[in-house]
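One structure is given below, encoded as structure tokens.
Quick note: the coordinates plus some simple rules give every number you see, no bench work behind them. Keep in mind it's a predicted model, so treat the numbers as computed, not measured. With ideal geometry, Cβ positions are generated from the backbone for all residues, glycine too; neighbour counts draw on all protein chains shown.
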């Protein structure tokens with residue numbers, strides 16, 4: 001497991017925050033340092049994940065798809081089978097244990113695809129905490145099913161209308177809230193970004209993915225995988241998938257970013273490939289950010305809301321620059337093709353974020369030998385993406401159904417207003 005050098009990973013990382021936030025971050029860092037090497041705390045965390053989220057998640061061979069594509073044997077690490085449908089629950093359960101130790105009663109979070117927001121709302125309900133979740137207004141439109149469940153779970157969801165109305169703006173608003181309420185509130189940051197110690201802390205809790213994967217590979221394959229592939233937005237699922245293999249140089253680690261529509265500015269979310277992003281300081285840390293000609297944070301695009309982010313984990317920025325992580329990209333069209341291929345060949349419905357890893361992993365597997373193994377981290381399931389997928393694969397019945405359902409819902413609202 002990678003460790004920082006006073007909050008830095010090479011030139012990236014750090015803690016660039018207002019003075020009011022420093023005591024809370026110091027408190028969190030000191031607690032994390034006390035607990036990270038305590039086997040009893042790790043066991044408490046693993047037990048909570050087992051009892052509440054359903055870990056360990058399986059390592060699933062894709063025999064039909066591997067035969068269809070040719071090349072390496074393809075396996076999926078099934079984070080989609082977690083409670084809430086994604087890897088995000090791993091991190092929030094871990095931070096929930098920290099919140100209990102700090103004695104705070106309110107939590108805040110940011111979310112893009114809504115999976116971290118949903119996981120946070122579930123954790124808040126489980127532990128009896130008050131939760132406020134910030135989400136870009138455009139992401140709310142793309143992922144409304146998750147917003148519906150967050151509110152049903154008792155969390156407040158705040159739509160952010162500023163800027164590009166996506167994850168970057170949601171993170172900014174969450175940081176502002178925290179600065180104003182730091183004494184009573186813990187910020188459950190959802191990805192391996194932000195000021196220290198969050199990149200390291202989130203990676204620590206997500207590393208349960210790769211430690212399970214390592215043990216399962218030895219049992220099911222008889223060896224370590226040749227490649228581990230994960231999609232990269234902020235970087236939490238990728239760090240979770242990579243953590244246990246960082247010292248195993250024979251295992252290639254591949255991070256697939258959102259190639260979007262094209263390489264034109266504002267039409268992708270690629271940070272780790274050469275000549276795309278530049279080092280910069282924003283949102284409390286230093287990393288590779290997409291920037292415009294004035295040095296301001298640039299616009300991004302991805303078919304997947306969870307990858308539509310302007311920066312990347314400082315850990316991944318360092319690992320990609322040192323060559324330990326190989327960056328790849330997948331376009332929106334490649335993503336929908338991989339989504340459809342997995343669903344129709346293996347009966348598994350992936351999230352659009354995870355489908356970036358599928359697209360990259362399938363492409364690489366086809367160039368490899370049949371005696372080699374590629375593990376793709378399936379970070380989430382596709383339930384939340386039904387509206388986006390319906391647009392990608394249009395069917396006449398779908399808009400007609402939505403029209404009928406809108407009429408029924410409006411009638412229920414009208415009836416309730418009359419009753420009140």
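Here are a few things to note about the model shown:
- Simple label model, 7 Å out from Cα along Cβ direction - residue 34 to residue 101, nm: 0.7
- Efficiency of FRET from Cβ geometry, residue 345 and residue 407, R₀ 56 Å, rounded to 0.05: 0.90
- Scaling the Cα radius of gyration of segment 1-131 by the globular reference 2.2 N^0.38 Å produces a ratio of 1.30.
- Overall size of segment 196-270 from C-alpha positions, given as principal axis extents largest first: 44, 29, 18 Å.
- Two-decimal Rg/Rh across segment 250-312, once Rg and the Kirkwood Rh are taken from alpha-carbon atoms: 0.98
- Compactness ratio for segment 124-244: Cα radius of gyration over 2.2 N^0.38 Å (N = residue count) comes to 1.27.
- Debye log10 I(q)/I(0) at q = 0.19, 0.25 Å⁻¹ for segment 297-371, Cα point scatterers: -0.92, -1.19
- For segment 326-420, convex hull volume per residue from C-alpha positions, Å³: 136
- Sorted by Cβ neighbour density within 10 Å, fewest at the top, the residues 315, 376, 140: 140, 315, 376
- For the chain, taking the reciprocal of the average inverse distance between every pair of different Cα atoms yields a Kirkwood hydrodynamic radius of 21.5 Å.
- For segment 340-382, the Kirkwood hydrodynamic radius comes to 10.9 Å, computed from all pairs of different C-alpha atoms.
- Once divided by 2.2 N^0.38 Å, the Cα radius of gyration of segment 189-231 becomes 1.44.
- Figure legend: label point modelled 7 angstrom from the Cα of residue 223 along Cα→Cβ; residues of segment 230-264 with amide N under 17 Å from it are 248-253.
- Centroid-to-centroid separation of segment 262-290 and segment 312-328 [C-alpha atoms, Å]: 12
- Inter-label distance, nm, simple model (7 Å from Cα along the C-beta direction), residue 278/residue 383: 4.4
- Residue exposure proxy: 221, 213, ordered by other Cβ atoms within 10 angstrom of their Cβ from fewest to most, comes out as 221, 213.
- Taking every DSSP helix (H) stretch of at least 4 residues in the chain, weighting each as -39,500 (n - 2.57) and dividing the sum by the residue count yields a mean residue ellipticity at 222 nm of -13500 deg cm²/dmol.
- If you bin all the Cα-Cα distances of segment 59-104 at 5 Å, starting from zero, the percentages per bin are 5, 19, 14, 13, 12, 11, 8, 6, 5, 4, 2.
- Over the C-alpha trace of segment 125-168, radius of gyration and Dmax come out as 11.0, 34 angstrom.
- Estimated translational D of segment 239-383 in µm²/s (Stokes, Kirkwood radius over Cα pairs; 4 °C; 1.567 mPa s): 82
- Likely footprinting exposure, 158, 228, fewest C-beta neighbours within 10 Å first: 158, 228
- Working note: Debye formula, equal point scatterers on the alpha-carbon atoms of segment 373-420, no solvent; log10 I(q)/I(0) at q = 0.16, 0.18, 0.30 Å⁻¹ is -0.68, -0.75, -1.05.
- When only Cα pairs below 8 angstrom with a gap of at least 6 residues are kept, the chain shows a relative contact order of 20 percent.
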